[in-house]
Amino acid sequence: MEWTRKDLLSLYDLSAEEITFLLDTAEEFKKVSERNVKKVPALRGKTVVNLFVEPSTRTRVSFELAEQRLSADIVNMQASSSSLLKGETLLDTVRNIESLQVDLIVMRHSAPGAQAFIAKHLKCGVVNAGDGAHSHPTQALLDIFTMREKKGALKDLKVTIVGDILHSRVARSNMWGLLKLGAKVTLAGPSTLVPREFEAAGVRVCHNLKDAVQDADVVNLLRIQHERQSAGFFPSTGEYAKFFGLNRQNLRWMKPDVLVMHPGPINRDVELTSEVADGPNSVILEQVTNGLAVRMAVLFLVAGCVKK
Amino acid sequence: MTLKKQLYSPEEMTAAISMIAAAIRRDFDTDGSVPYALVGLYNQGVPLAERICDEIERATGRRPEHGRLDISMYRDDVGLRSGLPLIRETVIPFNIDGHKIILVDDVLSSGRTIRAALDAITDYGRPNMIRLAVLVDRGDPEYPIRADYVGFKLDLDPAHKVAVQFDEDGDEAGIFEVNWQQKPLNR
């Protein structure tokens, strides 16, 4: 096949073949960062705007570094310093950006579908760096890339995602991507945060940690945001940690070669203890490394399909 | 409609590859003390480099070091193509620094692929010298790039394509002229 999309909006839109194509491309880009010369001229002369309407540090830094290693020119815009605060509409903002002959916009926004909306109106490419609780395709791609690298085939791989599924774009993107590639997905956490409605997508929903993880090949932990506690989704982070946190004791329930993953930033002693986070099953820092490769691949492919 | 005409038979192609291998051996393999390596460019430069290595090995008993190079990240036509093909694996299993490198491609046409390959290979290290071997030289370069080892020089209609095929792909082996822009006549 050939890659023909100028936007990356959601893994739900992609075929299994397209997802595999992205992962294969990322493998070659991973090697670029392992060379002495960690840069290629693939996007030389192209301009990328990182428009982060919702704050982000690690995703933005990863995108920025990916863009630099592809030789693109970069402009960073944040909501706090943009004219969105002066009342300009999102569409006017991005049309103004496009009028500066920009080739790609990487956008994070709190409104689900914001990237799909602007992509419809722009000739330049759009990459979704997270939209509300809807989608975070590059995070899911780097998670899946890491699983494939460590476990080989994704078909029938048992992946359990633990945490605040309800509010998580990472969980949704992982779920769609993994289902397309034939993995078996379990969503686990307190019943307030893991509604049964997800079963309609073809996943297993589980409210007991032991049941959820004991035959898993991969356990992907989501960050628990403290503000969910005040909203009443669970009584306390201490109670969450007691029932759903990974520690040395409950790691014994699991397969000896289980992969422990986390998109970061981790809350030590909430989602997992330091023994697990820094232990031999953890691939959390490798996920960060792979994120760079995946984002280079995404930017390279979509930029190649933006028409001059 | 695509018109395809054989320009050279598999036997003629094999003879040309032997000739290139002999010339490389003469220049680089005289006493075995100079480290040199062949680097094939995807697609067809890769099997061609293997064939040249086969010939050198047959004559000397030693297989030269060799690698494979994908130049997708170094192309100058981002946004000019309709879609992007999959990047193939670059394999350089030796230290480029101080090596004499012979780039191998099937057809030298505009020279743009070779320009990209020069950028790519020098990102892997600092070669002592770079040379170029091609099976077919179309003689119409857009860049000032010439090959050092040439199987066939051809003067063809610029709209026509040259296809080098090896039997290992399940294709009919040989060198072909392809008129891929030929449109059926409207009567």
Notebook entry, point to check: Roughly how much of A:Ser282 is accessible, in Å² to the nearest 10, using a 1.4 Å probe?
Noted result: 20
Next item on the list: Report the Stokes-Einstein translational diffusion coefficient (µm² s⁻¹, integer) for the stretch B:96-187, Rh taken as the Kirkwood radius over Cα pairs, at 20 °C with viscosity 1.002 mPa s.
Entry: 143
Check: Given a Förster radius of 51 Å and the C-beta distance between A:Arg268 and B:Glu89 as r, what FRET efficiency does 1/(1 + (r/R0)^6) yield to the nearest 0.05?
Finding: 0.85
Next item on the list: Could you compute the FRET efficiency for A:Glu197 and B:Thr60, with r as their C-beta to C-beta distance and R0 at 56 Å, rounded to 0.05?
Entry: 0.20
Next item on the list: Leaving out ligands, DNA and RNA, calculate the buried accessible area for the pair B and A with a 1.4 Å probe, summed over both sides, in Å² to the nearest 100.
Entry: 2000
Notebook entry, point to check: Where does each of A:Glu227, B:Glu65, A:Glu18 land when they are ordered by accessible area, with a 1.4 Å probe and the largest first?
Noted result: A:Glu227, B:Glu65, A:Glu18
Checklist line | Potential extension, A:Ala111-A:Asn96 segment - 0.36 nm per residue separation minus Cα distance | finding: 3.4 nm
Check: Between A:Thr89 and B:Ser9, how many nm apart are label points set 7 Å from Cα along the C-beta direction?
Finding: 7.2
Check: Could you give the alpha-carbon Rg of the stretch A:53-193 over 2.2 N^0.38 Å, rounded to two decimals?
Finding: 1.18
Note to self: Can you give me the % of accessible surface on the protein assembly as shown that is carbon or sulfur? Probe 1.4 Å, all protein chains present, nothing else counted.
What the structure shows: 49
Next item on the list: Rank these by accessible area, largest first, 1.4 Å probe: A:Arg108, B:Arg88, A:Arg60, B:Arg62.
Entry: B:Arg62, B:Arg88, A:Arg60, A:Arg108
Next item on the list: Determine the per residue accessible area of the stretch A:137-288 with all protein chains present and a 1.4 angstrom probe, expressed in square angstrom.
Entry: 41
Checklist line | Cα-based shape type of chain A, given that a ≥ b ≥ c are square roots of the gyration tensor eigenvalues and the cut on a/c is 1.5 | finding: prolate
Notebook entry, point to check: Under the Kirkwood approximation applied to all pairs of distinct alpha-carbon atoms, what is the hydrodynamic radius of the stretch A:137-288 in Å?
Noted result: 15.1
Note to self: With a 1.4 Å probe and all protein chains kept in place, how much accessible area does A:Glu17 have, in Å² rounded to the nearest 10?
What the structure shows: 110
Check: How big is chain B in terms of Cα radius of gyration and Dmax, in angstroms?
Finding: 17.0, 66
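The values are calculated or read from the model by the stated rules, or taken from the named source; none is laboratory data. The structure presented is a predicted model; accordingly, all values stated were derived computationally and were not measured. Note that each Cβ is placed from the backbone with ideal geometry, even for glycine, and that neighbours are counted across all protein chains shown. We work out accessible area using only protein heavy atoms, side chains counted, and drop any ligands, DNA or RNA first. Shrake-Rupley method; radii C 1.70, N 1.55, O 1.52, S 1.80 Å.
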